[in-house]
Amino acid sequence: MGMDSADAIDTHPSGCVIRFEVVPGSSRLAVPSGYNPWRRSLEARLTEEPSRGRANHQLVCELAGALGLPASQIRVIKGEKRSRKLLLVKGIEKDTAASILEPVLDKHRDG
């Protein structure tokens, strides 16, 4: 287990911050779908298009589902209009988030 996901997550006073690289308008939905070692960010494939915040909303909802948190505890704090985003996740520590996301990452990694 490489714990790649931990490299994409930073500690934050109210929880943690996760770096994401987003591919909207994808044929399949996967959050996270992979890890980008150069950008130290998790990748996410979204089926929604980035109009009227729909892709951001889908990302937040899917991440909330993966982490077992209400979507209200997650918000995009940087990169709302870009593919590179920072998400603040309240109420969950970096290590906990990484240990939950790592198996999801392994599952999607093989295709």
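Only the coordinates and a few stated rules stand behind these numbers; no lab work does. This one's a predicted model, so the numbers in the text were calculated from it and none came from an experiment. Neighbour counts run over all protein chains shown; Cβ positions are idealised from the backbone, glycine included.
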Once phi for every residue in region 43-54 is put through the Karplus expression 6.51 cos²θ - 1.76 cosθ + 1.60 (θ = phi - 60°), the whole-Hz ³J(HN,Hα) values, with Gly and Pro written as x, are 9, 9, 9, 10, 7, 6, 8, x, 10, 6, x, 5
Note: S72 to T96 extended length (0.36 nm per residue) minus current alpha-carbon separation gives 6.8 nm
Listed by chain and number, the lysines with an alpha carbon less than 24 angstrom from that of K107, same-chain partners under 8 positions apart left out, are K85, K94
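Can you list which of the trypsin sites (Lys or Arg not before Pro) found in region 1-43 are DSSP loop residues with at most 15 other C-beta atoms within 10 Å?
Answer by residue number: R28, R39, R40.
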Length gained if S14 through K81 is fully extended, taking 0.36 nm per residue and subtracting the Cα-Cα distance, is 21.7 nm
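For region 55-103, state which trypsin sites (Lys or Arg not before Pro) are in a DSSP loop and have at most 14 other beta carbons lying within 10 Å of their beta carbon.
Passing sites in region 55-103 are K81, R82.
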The answer for chymotrypsin sites (Phe, Trp or Tyr not before Pro) in region 1-64 that fall in a DSSP coil and have at most 11 neighbouring Cβ atoms within 10 Å is W38
In the list (1) 1.11; (2) 1.41; (3) 0.95, the entry giving Cα Rg over 2.2 N^0.38 Å computed from the coordinates is (3)
With -39,500 (n - 2.57) per DSSP H segment of 4 or more residues and division by the full residue count of the chain, the 222 nm estimate, nearest 500 deg cm²/dmol, is -9500 deg cm²/dmol
Restricting to lysines and to Cα separations under 17 Å from K78, and discarding same-chain partners fewer than 8 apart, the set is K90
